Amino acid sequence: MVGLVSALGDGVRIMVVNGLANAISPWVLGAFAAGAVAGSPGLGAVSGVAALIAALALYYGGFLLEGHTFLVPLVAAWSVAALGTGVLLGAAGGAWRSRQDGWKTLAVGLLAGSLVAEAAHRLILIETWTGIGWGRTYTHVAAANLVIAGVLLLVLAPGRRLAATAVMLVVGGVALLALFALDLF
């Protein structure tokens, strides 16, 4: 479902809708949710990958239905990203659902950190070219990511919010550095 909504949103001229369609956060949340539904880290990893590969198929299938073409290397690159992200965040979703220990805290921090990294990337690398402003689409997406990350910490990590926040900050920082490195290529 995420893939089809993203494909359709790419063609919308309403910039907020287009910005949300191009955000990574719905994909990350989808992988985590698939893992949580699976109920264990191992099954969650498989479910996370399956969810993201299905989303990619729907995304690029939507483009084909609209008469667009796409580059095979681009699909291959996103498939590799779906594999890594699906395994990591799907397993995190499964750990969150099935565990009561520090793994649950780590899982929530990983998910929230992913959202914070995307928000920081958008604000630092994208918005700085034109200035950060509340009237800009990517600022809205970044703000939504930060709010969602905060809500996730409150709802999914009761009693462990401080530890989950620390994990979120570390994961967010490492992921942001990885995004910077990818921008160099």
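Coordinate-derived values only; no laboratory data. These numbers come from a predicted model, not from an experiment. A quick note on method: Cβ atoms are made from the backbone with ideal geometry, for glycine too, and the neighbour counts reach across all protein chains shown.
Data overview
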item	result
Theoretical gain in end-to-end length, Asn18 to Val80 [0.36 nm per residue, Cα-Cα removed]	19.9 nm
FRET efficiency, His68 to Val37 (Cβ-Cβ, R0 30 Å, nearest 0.05)	0.40
Mean shadow area of segment 46-121, taken as a quarter of the surface of its Cα convex hull (nm²)	5.9 nm²
Loop chymotrypsin sites (Phe, Trp or Tyr not before Pro), segment 47-110 (other Cβ atoms within 10 Å of the site Cβ: 15 or fewer; DSSP)	Phe70
Cα gyration tensor shape of segment 43-88, rounded if a/c is under 1.5, else prolate or oblate by comparing a/b with b/c	oblate
Alpha carbon centroid spacing (whole Å) that separates segment 145-185 from segment 81-97	15 Å
